[in-house]
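Undergrad: This is the structure I want to talk about, given as structure tokens.
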Amino acid sequence: IEWVQSRYGQVIPVNWSQVEMIEGIQTLYPLGYQVADAQNAIVAKAIEKEFEWLLLWEHDVLPPPMSIIHLNKYIRDERTPVVSGLYWTRSRPSEPLVFRGRGTGAYHDFEIGDLIWCDGVPTGFLLVHMGIMREMWKDAEEYELNGRAVRRIFREPRDVYHNPVTGEYSSLSGTSDLDWCTRVIEGNYLARAGWPEFQDKKYPFLIDSKHLFCRHINPDGEMFP
């Protein structure tokens, strides 16, 4: 109910074009899907409808009431292709989901109210220009999801492999958000989508901690931080 209050309590900008889509569970609505599959179903629909921007908004993230107003400014300005809300892990201790580098832990060197540039953002409240998704769509593997053809824009990396030199087995695991961020950068998708100045940045993704400070909520109502 907290998410519903957050979603439908948003202030909508004046004269704003908006599409809301509710489909039966058996077709598109991503209830019961793995996160990456749900995201791929959403991207497929955004591609089909030729949308300009995509907002991924997960069920356990509560942005402040003026969030759509502020996102609309980023959409109008069209100067920043990836903008994320700031929120913390649902854990103790709780850490900010802000990343600079891989395997380096969470990034903490910021104050609430900063515009934080980074190379890894979560997808719980994430605005992305669809030009990036369209370029990734061209290269992505196609697969079937509940009878629909989608492409693997998002994936949850899971791998176990054998090192023939050392004889050791190693495992790799991760989340779809950081994997997506890494592939956007390494695949040159920012430049391909018309954002070459961001491709050249060491930290090309923006987290707006002033206007998009979100809460992360457990099913029992506990919020983080």
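Undergrad: Which of the residues spanning region 51-66 are open to solvent by 40 Å² or more (accessible area, probe 1.4 Å), outside any loop (DSSP other than H, G, I, E, B) and within 16 Å of G9 (Cα to Cα)?
TA: W57, the sole residue that qualifies.
Undergrad: Then there is this: Take E78 and tell me if it is at pLDDT 95 or above and on the phi > 0 side of the Ramachandran plot.
TA: Yes; evaluated as a whole, the condition is true for this residue.
Undergrad: Another question, if that's okay. Contact list please: Cβ distance under 6 Å, first residue in region 92-115 and in a loop (DSSP other than H, G, I, E, B), second residue open to solvent by 90 Å² or more (accessible area, probe 1.4 Å), pairs at least six apart or on different chains.
TA: Qualifying pairs under 6 Å: G113/K210.
Undergrad: So, in region 181-211, how many residues would count as being out of contact with any strand residue (DSSP E or B) (no Cβ under 6 Å at 6 or more places or on another chain), open to solvent by less than 70 Å² (accessible area, probe 1.4 Å), under 26 Å from E111 (Cα atoms) and part of a helix (DSSP H, G or I)?
TA: Number of matching residues: 4.
Undergrad: Which numbered condition trips up I69, out of (1) surrounded by fewer than 17 Cβ atoms within 10 Å (Cβ to Cβ); (2) at pLDDT 95 or above; (3) outside any loop (DSSP other than H, G, I, E, B)?
TA: Just one mismatch for I69, condition (2).
Undergrad: Out of the residues in region 48-91 that are touching a Phe, Trp or Tyr at 6+ places or on another chain (Cβ under 6 Å) and of a type in the set (A, V, I, L, M), state the one that is nearest to E142 (Cα to Cα).
TA: Here is the first cut: in region 48-91, the residues touching a Phe, Trp or Tyr at 6+ places or on another chain (Cβ under 6 Å) are 57, 59, 61, 63, 75, 80-83, 85-86, 88, 90.
Now narrow it down to the ones that are of a type in the set (A, V, I, L, M): 61, 75, 82-83, 86.
Values: V61: 29, I75: 29, V82: 24, V83: 27, L86: 32 Å.
Only one residue tops the list, namely V82.
The values are calculated or read from the model by the stated rules, or taken from the named source; none is laboratory data. Computed from a predicted model, the values in this text were never measured in an experiment. Ideal geometry is used to build each Cβ from the backbone, glycine not excepted, and the neighbour counts take in all protein chains shown. Just the protein is used for accessible areas: all its heavy atoms, side chains included, with ligands, DNA and RNA removed. Shrake-Rupley method; radii C 1.70, N 1.55, O 1.52, S 1.80 Å.
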